1. Taking the range 35-54 as the search range and keeping residues that are small (Gly, Ala, Ser) and surrounded by fewer than 17 Cβ atoms within 10 Å (Cβ to Cβ), which one is nearest to the chain's Cα centre (by Cα)?
2. Considering the range 53-97 alone, what residues qualify as being over 13 Å from Leu27 (Cβ atoms), free of Cβ contacts under 8 Å to residues at least 40 places away in the same chain and of a type in the set (Gly, Ala, Ser)?
3. Being over 15 Å from Val22 (Cβ atoms) and surrounded by 15 or more Cβ atoms within 10 Å (Cβ to Cβ) is the filter here; which residues of the range 55-74 pass it?
4. Among the residues of the range 18-34, is any at pLDDT 95 or above and over 20 Å from the mean Cα position of the chain (by Cα)?
5. Inside the range 23-73, can you point out the residues that are among the small types (Gly, Ala, Ser), part of a helix (DSSP H, G or I) and farther than 21 Å from Glu88 by Cβ?
6. Starting from residues that are surrounded by 11 or more Cβ atoms within 10 Å (Cβ to Cβ), among the polar types (S, T, N, Q) and modelled with pLDDT of 75 or more, keep the ones in the range 91-105 and report whichever is farthest from the chain's Cα centre (by Cα).
Amino acid sequence: MPLRPRTTPVPPTAKEPLWRDVVGDVLRRERLAQERTLKDVAEAARISMPYLSELERGRKEASSEVLAAGARALGLSLADLLSLAQTELTRSTQRTQRMQRTRSTRPSLGDIRLAA
């Protein structure tokens, strides 16, 4: 007798965004909202401009020190930056879940329905 009941496999879900993508989006959105250049923010944060660009594009995983420096350069605390990213991640996840529910309840083009 198995210790746990067998369950059916969970169907694959849409790909969730990576944390580095979400944080990068927040950094870029905040920088653009302040109408600042990559060069300006990179200098204020004391990180290289190419590195900041890669962070914004989600290509690099930043350390907490780098994230704090980037946040400070934008007039934010690290907590502010992470809170904005968490809000964005939650919003994105909820949007994905809504789309999946809509797709699962909508008949596909191959379904045949007969009316009585």
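The values are calculated or read from the model by the stated rules, or taken from the named source; none is laboratory data. Not measured: the values here are computed from a predicted model. For neighbour counting, all protein chains shown are included, and Cβ atoms are generated from backbone atoms with ideal geometry for every residue, glycine included.
1. Across the range 35-54, the extreme among qualifying residues is Ser53.
2. Ser63, Ser64, Ser77, Ala79, Ser83
3. Answer for the range 55-74, where residues must be over 15 Å from Val22 (Cβ atoms) and surrounded by 15 or more Cβ atoms within 10 Å (Cβ to Cβ): Val66, Ala68, Ala69, Arg72, Ala73, Leu74.
4. Within the range 18-34, one or more residues are at pLDDT 95 or above and over 20 Å from the mean Cα position of the chain (by Cα).
5. Result: Ala42, Ala44.
6. Within the range 91-105, the match that is farthest from the chain's Cα centre (by Cα) is Thr93.
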